[in-house]
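The values are calculated or read from the model by the stated rules, or taken from the named source; none is laboratory data. These numbers were taken from a predicted model, which means no experiment stands behind them. Quick reminder, even Gly has a Cβ in these numbers, built from the backbone with ideal geometry, and neighbours come from all protein chains shown. To get the accessible areas, we keep the full protein, side chains included, count just its heavy atoms, and leave off ligands, DNA and RNA. Shrake-Rupley method; radii C 1.70, N 1.55, O 1.52, S 1.80 Å.
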Amino acid sequence: MPRNAPALDPNPPNLARLRLFIEQLAHLLEQPASEAQQLHAAAPLLAQLVSHDDWLPEAFAQPDPQRYQQFLLHADSRQRFSIVSFVWGPGQRTPVHDHRVWGLIGMLRGAEYSQAFARDADGSLSAAGEPVRLAPGQVEAVSPRIGDIHQVANAYADRVSISIHVYGANIGAVERAVYSLDGSEKPFISGYSNRLLPNLWDLSLEPRP
Ligand SMILES: [Fe+2]
């Protein structure tokens, strides 16, 4: 069947960048290493990916007026990792939440604030340190080992921001929690905002080396 779509898009997203990141990360996770070593090695790979804003297909960059969006871009076949685009509408924020697995957050477009929380002696939660502001190209890590409870917000009240997150599991299926500041927690499984994934594998659309 003739294929017309490529001719309609003079600037197709540069999916080779995402594909390269997936290959690099899968290779890295096959090496025996501690979580600290893996995060240390993976952070520059994600920083490289989010230092270019020419590869995320439009369908996975769309905000929703009601709530922030979490689009699955790729899940490893063994669910060792997943990659999502987090799309913030103006002023949107998450509840205070955890992850239960390691995560890397790379800023692609706009900016966001991440505020860490820690438990006090009475079990309640309070802000730990100043919020971290992420700008495009910057990467932050979370995990149960280094601090796993935080709240994230779009730094802008008047524009969309997008970050690319990588987690050490199929994050949309992980049983985790959202928190109230009194320390009480509510179970939470995020799921994903999309039903279809980007097609990373039609190499016929890409320039030949
Ligand atoms: Fe988070």
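For this structure, a couple of remarks:
- Inter-probe distance in nm under a simple model that places probes 7 Å from Cα toward Cβ, at Ser77 and Ser51: 3.1 nm
- When the charge dipole of the chain is built from unit charges on Cβ atoms (+1 for Lys and Arg, -1 for Asp and Glu) and taken about the Cα centre, the candidate among Ser143, Val101, Phe71 whose Cα reaches farthest toward its positive end is Phe71.
- Along segment 94-109 the Karplus relation, 6.51 cos²θ - 1.76 cosθ + 1.60 evaluated at θ = phi - 60°, assigns HN-Hα couplings of 7, x, 5, 8, 10, 10, 6, 9, 5, x, 10, 10, x, 8, 9, 8 Hz to successive residues, with x for each Gly and Pro.
- Computed from the C-beta positions of Asp64 and Asp182, the FRET efficiency with R₀ = 41 Å rounds to 0.90.
- Extension gain, Ile189 to Glu35, is 53.1 nm, computed as 0.36 nm per intervening residue step minus the present C-alpha separation.
- Within the accessible area of segment 60-165, the carbon and sulfur atoms contribute 50%, probe 1.4 Å, all protein chains present.
- Protection proxy ranking of 95-104, 179-188, by the mean of other Cβ atoms within 10 Å over each peptide's residues and highest first, is 95-104, 179-188.
- For segment 114-165, the list of trypsin sites (Lys or Arg not before Pro) that fall in a loop by DSSP and count at most 13 other C-beta atoms within 10 angstrom reads Arg145.
- Extreme residue, positive dipole direction of the chain, given options Ser180, Leu205, Ala43 (C-beta unit charges): Leu205
- Between 0 and 90 degrees, the angle of helix 16-30 with respect to the longest Cα principal axis of the chain falls at about 50 degrees.
- Among Ala155, Ala121, Ala177: highest mean-square fluctuation, GNM of the chain, C-alpha pairs under 10 Å: Ala121
- Residue with peak Gaussian network fluctuation, the chain [Cα springs, cutoff 10 Å], from Pro131, Pro65, Pro57: Pro65
- Pairwise centroid distance, computed over Cα atoms, of segment 55-132 with segment 165-209, Å: 10 Å
- Converting phi to 3J(HN,Hα) with the Karplus coefficients 6.51, -1.76 and 1.60 and the offset θ = phi - 60°, segment 44-59 yields x, 5, 5, 4, 5, 4, 8, 7, 10, 10, 9, 10, 7, x, 3, 4 Hz in sequence order, with x at every glycine or proline.
- Burial order of peptide ranges 163-172, 42-51 (average beta-carbon count within 10 Å, highest first): 163-172, 42-51
- Under a model in which nothing but the beta-carbon of Lys, Arg (+1) and Asp, Glu (-1) is charged, the chain shows a dipole of about 340 debye around its Cα centre.
- Here the chain was treated as a single set of alpha-carbon atoms; its pair distances binned every 5 Å from 0 give 1, 7, 14, 19, 20, 17, 10, 6, 3, 2, 1, 0, 0, 0 percent.
- Among Gln138, Gln31, Gln70, residue whose mean-square fluctuation peaks in a GNM of the chain (springs only between Cα atoms under 10 Å): Gln31
- Paramagnetic label zone (point 7 Å from Cα along Cα-to-C-beta, Trp201; backbone N under 13 Å) in segment 51-67: none
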